[in-house]
Amino acid sequence: MSSDDAATHWLQQAGRQPLLTAAEELHLGSLVRAWQDHPAGPEQAPARITRRGRRARDRIVNANLRLVAHVVRTMRPGLGRQVGEADLPDLFQAGAMGLMRGAERLFSTFGYWWIRQGVSRWCDSSSRLIRPPSGHAPKLARLGRIGEELQRQLGRQPSRAELAEALGMSLRDLDLVLTVGQSCCSLDQPVAGSEDPSPLGAMLATPGAPEPDPLIMELRERINALPPLQARLIAGRWGI
């Protein structure tokens, strides 16, 4: 199934889900609350309460899938080129997961924001080769915002100490956030600005690697000049 077909199928399924009446919302919400607010915690709640709570949560989510589609379509133009039409099924799924978290908290009118949060987190994680911890995303956003404000005020790039003071964190915590925010690149990509087609990984030195023995290198060159069968026999016999 193509991404377009998957998105269309998702929207069709969302449109088939019946809406809830106000009385149904109250009843289902009470079942979710009984599960989530159980004195022993939702993970330790009795099986009957857990089963009813999860079914109620799923009904709330299914009845609000149209809201997920609306939020994703509204957010789509502002997500930039990093998210294309092929990503719509994943965006719908991320929004539905956010909606599920909101349903467990009986989100009421805040379902919109739970969906947005789910979509935003998916976009942030999918744009990186290495996914940062979700808790660092707000810190990175705040760091970027305050860093720009300080640069405008000072007329220069703020120092690490100035950034840490403005953010109210230690230099160690700031360095951790900065490290998480660094972009990644593939070692297989060609070196920028170089006519050599070798990948970046081939240009990097291996720490602690011994220098190649000139005598071994010369022997390998001479062996490679032999007929293939002789070269394999000699190399295999002497382990060169």
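The values are calculated or read from the model by the stated rules, or taken from the named source; none is laboratory data. Source: prediction; values computed, not measured. Cβ placement follows ideal geometry from the backbone for every residue including glycine, while neighbour counts extend to all protein chains displayed.
Of note, Ala166 does not satisfy the criterion of being part of a helix (DSSP H, G or I), outside the structural domain of Ala103 (by TED's automatic domain parsing) and modelled with pLDDT under 65. The residue that is modelled with the highest pLDDT, among those in the range 133-159 that are in contact with a helix residue (DSSP H, G or I) (Cβ under 8 Å, 6 or more places away or on another chain) and not in a helix (DSSP H, G or I), is Pro158. Ile130 fulfils the conditions (1) surrounded by fewer than 18 Cβ atoms within 10 Å (Cβ to Cβ); (2) of a type in the set (Val, Ile, Thr); (3) at pLDDT 65 or above except for a single criterion, (3). Examine the range 15-27 for a residue that is under 19 Å from Glu104 (Cα atoms), at pLDDT 90 or above and buried (at least 18 other Cβ atoms within 10 Å of the Cβ), and state whether such a residue exists. Looking through the range 15-27, none of the residues is under 19 Å from Glu104 (Cα atoms), at pLDDT 90 or above and buried (at least 18 other Cβ atoms within 10 Å of the Cβ). Considering only residues of the range 41-88 that are modelled with pLDDT under 75 and charged (D, E, K, R), which is surrounded by the fewest Cβ atoms within 10 Å (Cβ to Cβ)? Result: Arg81.
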